[in-house]
Each structure stands twice: as structure tokens, then as C-alpha cells.
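Novice: Okay, here's the structure, questions in a sec.
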Amino acid sequence: SKAVREVFVRLFEEGLIYRAHRLINWCPRCHTALSDLEVEHEELEGRLTYIRYPFADGSGYIVVATTRPETMLGDTAVAVHPDDPRYKKYIGRMLKLPLTKREIPVVADDLVDPEFGTGAVKVTPAHDFNDEEIAKRQSPPLQFIKVIDDDGKMTEAAGKAYAGLDRYECRKKVLEDLRELDLIEKEQKHRHSVGHCYRCKTIIEPYSTSQWYVNVKGLAEEALKAVKKGDIRIVPEGWVNSYYAWMENIKDWCISRQIWWGHQIPVWYCPYCKTEEGQHQGDLIFIRFYKPIEAGGERIQSGTYTELRLRGVSPEDILKYANTIEIDQSVRALCSRKDLKECPHCGSTELLRDPDVLDTWFSSALWPFSTLGWPERTEDLETFYPTSVLITGFDILFFWVARMIMMGLKFMEDVPFRDVYIHALVRDSKGQKMSKSKGNVIDPLIMIDKYGADAFRFSLAAFAAQGRDIKFSE
């Protein structure tokens, strides 16, 4: 819509929307990035494996505990707490990474918990959020080695013995190989929280890729002030502290998604311009297809934009059949309110549209004013913005409510509503959220037909308490 594109362009021009290559939550099945809020955590019974990492000089080893042995193939260090007396003398020494020919250092970082496992942790910057931070803090920063791809399969960087394996098949093989080398100290059961995709329930993978983000720190500060000053009242008050905690610790919002439906990001790239370093941008755009496509008498699986065009693949087929399009950070982003037909720098009419769409909550965050005609100053906008009360469930307090407040203050210079009433959720008899995929939904129309509308209303009213969920069954 016009409002969505206007907001995107304004934030982009202010430098609040930017593209960055960093670790994100990735669903290998849906092939899309997920925000922290879209990851559902579930306690699972796993295994903690204690692995011996030998010193490079053969003088002994350090034992490292991990729940994800397959990622050790991408380790670039072992970290210990700087004040841990057990390991102080080892900081700076080199270890031989098992199952590889690489050597990695022992580094110190305050993030390491001396009480977890052995107090020494493997550092895999390309596949763990904490490890990414540890890697960046080192001087020089640690190397990032990507050993799991966007399909959840092992890359060539994992080594010939493991490349192409599913991540869980690789886990089994890594453990088998470690046992053969007598490098496993012990194994024990370990219950821990595992993130799942909220759509398909696949276990998510921390994955390094280029995505679009909104710098929300300044927006969140204004949204915090609005509640603290009383411009917005949240009821029940018990949710106020939750709102404060989330807003005070907010991270930049990943707004790009790699799915079919959504508002397409209004950005284009010119394959024929050069970067500031003098490289042709088409050489920095890498495309991979779902399956090989026919072009010029050959079957093509992947290549740079320049290579594919030289081999006879049309721009239309590139967009139609592309599985992933990876665009280097140095490629200039052309953001526009209107569809670009020509590069403003070189005049080329062959432009590549950014393939990603926006997080659905981006457009939803504009709902209080976009539905009233904004960016035009309509009569409805003047009359009905802000509204009085928003009634919603607690599960979208951060997905939607907080973001509506931020966007309303940014673009309307006023809060979108005066009161937020947080109501309970109706859950099934086991306390689980009702969903069609689980088959635990109670159809109110069927209940009304069987027991009558008054009985159904009374049942809900009798169980309802302010802000408390209802466990409901027939």
C-alpha cells in the first residue's frame, strides 16, 4: 500500500532502515528469517556431550560440553571466563579442532558461565548468537565459518565427510567419529529450551544472512515515555512491567521475510553499476534455483547475476525460479516510492527488485493511521486518530501494540490510542493455545447449537478473570 511504502522510504532516508549481514533465526523448511518473537521455545530432552579438544602441541586437552556437536566443525575458538582459575594459564594457547585440520585459540570472555558444563565452551560464531558476540569482541575478531546452509544441510566447509548431510544426520556421524577417536569424555541427558518456527514447528537454525532491519531504539524510547507519562494506560497493570522490560531491552527489528505473500520491499539493485571499490554489482549478486533451469542448451543450478545473464538466463526467469538471491552489502540499494524502471546512476533499464517481503507486523503497525487515509491528511484521520481503546490479547502486546505505539508517535506525533485492555486467551483443556493445526479448536457455533447461546456465554463469563487465561473444553 501507499502508506507502507511511504513509511519504508522515510525510515530508509533517515537511516533507520538498513541492510545488514548478521545472525538471524532461520527456518530451514520455510526458508525465511524469523524475529525473536516468532520463535516458539519448547523444553526438549537432549544430550550434553563432553568432547576432548587436544592442545596443538600434544600436551593434553580441554574438555568442552555441547548439545550441538555437529556445529563443532565450524568452531573458531574455545572460550573460558577470564577469572576462572582452572583455565587462566591456557588463555592464548592453541587447540587442535577434532575431525578437522584446523587449529583454534583459547580465548577469554565474560559471557562464559564457569558453572555450565566444564566452564569451557566451543565458539561457533556463524551458528550461535552468544558466540557471534564473543567473536566480535576478540582482537582481532574470530573467523566466521558457515557449516550449515539455508536448507539445514552441511556445507563444504564442514569437510568432505559431512558435506551434504542433514544437520541431524551429521550430528550422529560426528558422534560416531569422535567415539572412534576416543575424544568423548562422557554424555549425559540434558533438558533445554529449543526454538521452533511458529508456522511449521521446525527447529530453527541461527543462520548468517543479509536482512533488512529497523533501528528501533529511539522509537522505543518515545513509546516508553508515553506509557510512563500516562499518555497510554495498559490494563491490567500487571502487563506494564512486561512492556517496560521488553522496550528497555529492545533489539533492532528484522523486517524482511523470504515468503511468497506480503508487501514487497521497495528496493532495487542495478547489476551494471559498479561499487565504490570498482566491482561490477552483477558479480556480487548470487542466485540459486529450486531446481536446475534450462537455458542456452544447458541445465543451470546457480551463479552470479552476471554469469547467468551471459549463459542466457533471462531476468524474468531469474526472479521466477530463484530459490535464494544473496546480495553483497556493497551493492547499492535504490529505494523508491514508485516502481523504478531505470537506474538513476547509469540509465540501465534492467533492474533487480529485492525479492524479500516485509514482516506482516510492519504493515500492521501502521493500522491506526493507514486505515484512515494516511499519508494524506484526510477528514477521517483528523476525526478518528487517536482512537480511545484497543482491546487485544497479551500474545501480541509486543508483536503489534508496542509497534503501533512506536509508529504512531513517529509519523503522527501522537499515541494511536489512550487505553490498551489486555484480555485473556481461551485455551484448550490442557492449557495449550487453540490452533487448527493441533486440532484442538472448539467451534463456538457448534457449542451454541448443542447447548444454546446463553449457556455458552455463561460458561465463558464464569471462567473469565481479568488477564487470566481460560482452560476450556466441551
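Laboratory data are not the source of any read-out in this text; all were calculated from the coordinates shown. Since the structure is predicted, the reported quantities are computational estimates derived from the model, not experimental observations. Positions of Cβ are generated from backbone atoms using ideal geometry, with glycine treated the same way; all protein chains shown enter the neighbour counts.
Novice: Grab the other residues whose beta carbon is less than 15 angstrom from that of residue 59, score K and R as +1, D and E as -1, and report the net.
Specialist: +2
Novice: Would you be so kind as to identify which of 159, 265, 207 lies farthest towards the positive end of the dipole of the chain, taking Lys and Arg as +1 and Asp and Glu as -1 on Cβ and the Cα centre as origin?
Specialist: Value: 159.
Novice: Moving to a separate point now. Just list whichever of 96/146; 251/471; 201/471; 96/172 have alpha carbons separated by over 25 Å in the model shown.
Specialist: Pairs exceeding 25 Å: 251/471.
Novice: Another question, then. I need the phi-derived Karplus couplings for region 203-217: 6.51 cos²θ - 1.76 cosθ + 1.60, θ = phi - 60°, integer Hz, Gly and Pro marked x.
Specialist: Listing the rounded values in order: 5, 6, 10, x, 9, 8, 7, 8, 9, 9, 10, 10, 6, 9, 4 Hz.
Novice: While we're here: Treat region 140-181 as a sphere of radius equal to its Kirkwood radius over Cα pairs and apply Stokes-Einstein at 25 °C in a medium of 0.890 mPa s; give the translational diffusion coefficient in µm²/s, rounded to a whole number.
Specialist: For the chosen part, D equals 224 µm²/s.
Novice: Now, a different point. Would you work out which of 432, 458, 472 lies farthest towards the positive end of the dipole of region 426-473? Charges go on Cβ: Lys and Arg +1, Asp and Glu -1.
Specialist: It is 432.
Novice: Please list, ordered by chain and number, the residues whose modelled amide H lies under 5 Å from the amide H of residue 62; skip anything fewer than 5 residues away on the same chain.
Specialist: The list, which skips near neighbours in sequence, is 53, 55.
Novice: If Lys and Arg each add +1 and Asp and Glu each add -1, what is the summed charge of the other residues whose beta carbon sits under 13 Å from the beta carbon of residue 160?
Specialist: Combined, the nearby Lys, Arg, Asp and Glu give 0.
Novice: Under a straight-distance cross-link criterion of Cα-Cα below 18 Å, which lysines are reachable from residue 338, leaving out those fewer than 8 residues away in the same chain?
Specialist: 2
Novice: Something else: Just to confirm my numbers, what's the Cα centroid distance between region 29-99 and region 381-431 in Å?
Specialist: 41
Novice: Can you give me the long-range amide H partners of residue 263? Hydrogens built in the peptide plane at 1.01 Å from N, cutoff under 5 Å, separation of 5 or more residues or another chain.
Specialist: Answer set, sorted by chain and number: 358.
Novice: So what J values fall out for region 390-395 if you push phi through Karplus, 6.51 cos²θ - 1.76 cosθ + 1.60 with θ = phi - 60°, rounded to Hz, Gly and Pro as x?
Specialist: So the Karplus estimates, Gly and Pro as x, are 10, 10, 7, x, 5, 5 Hz.
Novice: Of the peptides 181-194, 321-334, how do they stack up when ordered by the mean number of other Cβ atoms within 10 Å, highest first?
Specialist: Descending packing order for the listed peptides: 321-334, 181-194.
Novice: Quick one: Karplus J couplings for region 75-91, per residue in order, coefficients 6.51, -1.76, 1.60, θ = phi - 60°, nearest Hz, x for Gly and Pro?
Specialist: Result, rounded to whole Hz: 4, 10, 5, 10, 10, 9, 6, x, 9, 6, x, 5, 10, 3, 5, 9, 4.
Novice: Taking region 374-452 on its own, what percent of its Cα-Cα pair distances exceed 15 Å?
Specialist: So the pairs more than 15 Å apart make up 70 percent of the total in region 374-452.
Novice: Based on the alpha-carbon gyration tensor of region 426-473 and its eigenvalue square roots a ≥ b ≥ c, which shape applies: rounded if a/c is under 1.5, prolate if not and a/b is larger than b/c, or oblate?
Specialist: Taking the square roots of the gyration eigenvalues as a ≥ b ≥ c, region 426-473 is oblate.
Novice: Is the chain rounded, prolate or oblate when judged by the Cα gyration tensor, a ≥ b ≥ c being the square roots of its eigenvalues, rounded requiring a/c under 1.5 and prolate requiring a/b larger than b/c?
Specialist: Note, shape of the chain comes out oblate.
Novice: Taking square-rooted eigenvalues a ≥ b ≥ c of the alpha carbon gyration tensor, is region 139-285 rounded, prolate or oblate, where a/c under 1.5 means rounded and, failing that, a/b exceeding b/c means prolate?
Specialist: Note, shape of region 139-285 comes out oblate.
Novice: Right, here's the next one. What number comes out for the charge environment of residue 473, summing +1 per Lys or Arg and -1 per Asp or Glu over other residues with Cβ under 15 Å away?
Specialist: +2
Novice: Quick one: what does P(r) look like for region 21-179 with 5 Å bins over all Cα pairs, in whole %?
Specialist: Bins of 5 Å from zero give 2, 9, 17, 21, 22, 16, 9, 4, 1, 0 percent of pairs.
Novice: What 222 nm value per residue comes from the helices of the chain, counting each DSSP H run with n ≥ 4 as -39,500 (n - 2.57) and dividing by all residues, nearest 500 deg cm²/dmol?
Specialist: For the chain, the value works out to -7000 deg cm²/dmol.
Novice: Amide H neighbours of residue 256 under 5 Å, counting only residues 5+ apart in sequence or on other chains, H built in-plane at 1.01 Å?
Specialist: 212, 359
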